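Participant: Encoded as structure tokens, here's the structure I'll be asking about.
The values are calculated or read from the model by the stated rules, or taken from the named source; none is laboratory data. Note that the coordinates shown come from a computational prediction; the quantities given were computed from them, not determined experimentally. So basically every Cβ, Gly included, is an ideal-geometry build from the backbone, and we count neighbours across all protein chains shown. When the accessible area is computed, the model is the full protein with side chains, heavy atoms only, and any ligands, DNA or RNA have been set aside. Shrake-Rupley method; radii C 1.70, N 1.55, O 1.52, S 1.80 Å.
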Amino acid sequence: LKVLDLAAAPGGKTTHIQSLISEDSLLVSNEVIKSRANILKDNVVKWGADNVIITNNDPKDFARLESYFDVIVVDAPCSGSGLFRRDENAIDEWSSSHVQLCSQRQQRILADVWPALKEDGILIYSTCSYSKEEDEEILEWMRSQFRIKSCELRVDESWNIIESSGGYRFWPDKVKGEGFFIACCRKLDEG
């Protein structure tokens, strides 16, 4: 497999993905912010993975690798409402205008990286936001822009994860951990 972890710092997703793929697979772990890319690099070096490449690129740079990746993971920069319990600064930084800005940024990121995903490839999209503008409405936007099919995830009912318009919501009052949203979709033939 060829996997792109697009917004990878500090490295938890990267190290988890690396533990799931074969030694013959390739994981490109990217972070657009230079200082965070250095933290990512340090954490991946400590992990000791031979099949991981660390990059510091804008999402649009990956469009040149047309139809290259089997899987792209986009843990998108967001307004951060899912972090309210853990981080008081997240509350102070949140605003409806920030949600709109993040939604527009998320659309740009997805549009920029989309060409790099192979036909029949998988895109995993997540945020730590409760805002529909950054979650379900992003999926609606993707359906209007690209040919995709939502992938149903097998979720044990006892986990209390809520299915929502092709994605899944993790409400902190129902699950162990912070709140977030995740969706998985397959790229269909653009015909």
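Participant: One residue is enough: does the stretch 81-98 have a residue meeting the conditions in contact with an Asp or Glu (Cβ under 8 Å, 6 or more places away or on another chain) and more than 26 Å from residue 173 (Cβ to Cβ)? Even if it seems obvious, please write down each step before you answer.
Facilitator: We begin by selecting, within the stretch 81-98, every residue in contact with an Asp or Glu (Cβ under 8 Å, 6 or more places away or on another chain); these are 82-83, 85-86.
Filter once more, so that each one left must be more than 26 Å from residue 173 (Cβ to Cβ): none.
No, because not a single residue in the stretch 81-98 is in contact with an Asp or Glu (Cβ under 8 Å, 6 or more places away or on another chain) and more than 26 Å from residue 173 (Cβ to Cβ).
Participant: Just to be sure, is residue 157 more than 17 Å from residue 69 (Cβ to Cβ) and not hydroxyl-bearing (Ser, Thr, Tyr)? Even if it seems obvious, please write down each step before you answer.
Facilitator: Details: more than 17 Å from residue 69 (Cβ to Cβ): yes; not hydroxyl-bearing (Ser, Thr, Tyr): yes.
For residue 157, the condition - more than 17 Å from residue 69 (Cβ to Cβ) and not hydroxyl-bearing (Ser, Thr, Tyr) - is met.
Participant: Let me ask another. What residue, among those in the stretch 8-28 that are assigned to a loop (DSSP other than H, G, I, E, B) and buried (at least 22 other Cβ atoms within 10 Å of the Cβ), is nearest to the chain's Cα centre (by Cα)?
Facilitator: Residues of the stretch 8-28 that are assigned to a loop (DSSP other than H, G, I, E, B), as a first pass: 8-11, 21-25.
Filter once more, so that each one left must be buried (at least 22 other Cβ atoms within 10 Å of the Cβ): 8-9, 11.
On the way: 8: 9, 9: 12, 11: 13 Å.
Among those residues, the one meeting the criterion is 8.
Participant: So which residues in the stretch 171-191 are in a loop (DSSP other than H, G, I, E, B) and among the small types (Gly, Ala, Ser), if there are any at all? Please lay out each step first, then the result.
Facilitator: Of the residues in the stretch 171-191, the ones in a loop (DSSP other than H, G, I, E, B) are 171-179, 188-191.
Result: 177, 179, 191.
Participant: Here's another thing I want to ask about it. Can you find a residue that is touching a strand residue (DSSP E or B) at 6+ places or on another chain (Cβ under 8 Å), free of Cβ contacts under 8 Å to residues at least 24 places away in the same chain and open to solvent by 30 Å² or more (accessible area, probe 1.4 Å) anywhere in the stretch 41-57? Walk me through how you get there before you give the answer.
Facilitator: Taking the stretch 41-57 and keeping what is touching a strand residue (DSSP E or B) at 6+ places or on another chain (Cβ under 8 Å), we get 41, 44, 49, 51-57.
If we keep only those that are free of Cβ contacts under 8 Å to residues at least 24 places away in the same chain as well, we get 41.
Of the ones still in play, those that are also open to solvent by 30 Å² or more (accessible area, probe 1.4 Å) are 41.
Yes, that holds for at least one residue.
Participant: Sticking with this one: Does at least one position in the stretch 30-39 carry a residue that is more than 25 Å from residue 112 (Cα to Cα), among the hydrophobic types (A, V, I, L, M, F, W, C) and surrounded by fewer than 21 Cβ atoms within 10 Å (Cβ to Cβ)?
Facilitator: Within the stretch 30-39, the first condition is being more than 25 Å from residue 112 (Cα to Cα), and the residues that meet it are none.
Within the stretch 30-39, not a single residue is more than 25 Å from residue 112 (Cα to Cα), among the hydrophobic types (A, V, I, L, M, F, W, C) and surrounded by fewer than 21 Cβ atoms within 10 Å (Cβ to Cβ).
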